[in-house]
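Notes for the one structure printed next.
The values are calculated or read from the model by the stated rules, or taken from the named source; none is laboratory data. Quick caveat, the model's predicted, so the values are computed rather than measured. Cβ placement follows ideal geometry from the backbone for every residue including glycine, while neighbour counts extend to all protein chains displayed.
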Amino acid sequence: LLAQRIAAPLAESAVINRRLDLVSWFAAAGDLCDQLRVSMKSIPDIDRALSRLSLGHGGPRDLDALARGMLAGAELVADAGQAQSGQA
């Protein structure tokens, strides 16, 4: 993702401002950032698992990593949504 953003930086001011608003929101939500950081550390390497599966070299561990990653991602989205609505 970082490489993509460096290779193709944003040019529209509205999109840039939305991204800056998100950065400000996360900077103000220090506790949430700490919680998300801890949660994200437990997410397996989904890209690697998908690559192995798509090349036919994957196995049960890769399927498990993919499933755990998807579940963890859904939890992260739910946590961020609750925090944004003021429930966390």
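Structure notes:
- So Ser24, is it in a helix (DSSP H, G or I), hydroxyl-bearing (Ser, Thr, Tyr) and surrounded by 14 or more Cβ atoms within 10 Å (Cβ to Cβ): no
- Checked against (1) of a type outside the set (Ser, Thr, Tyr); (2) modelled with pLDDT under 90; (3) touching a Pro at 6+ places or on another chain (Cβ under 6 Å), Gly81 passes all but a single condition, namely (3).
- Flag for Ser51 being touching a His at 6+ places or on another chain (Cβ under 9 Å), small (Gly, Ala, Ser) and surrounded by 10 or more Cβ atoms within 10 Å (Cβ to Cβ): yes
- Scanning the range 27-54 for residues that are under 13 Å from Met70 (Cα atoms), acidic (Asp, Glu) and in a helix (DSSP H, G or I) yields a single hit, Asp47.
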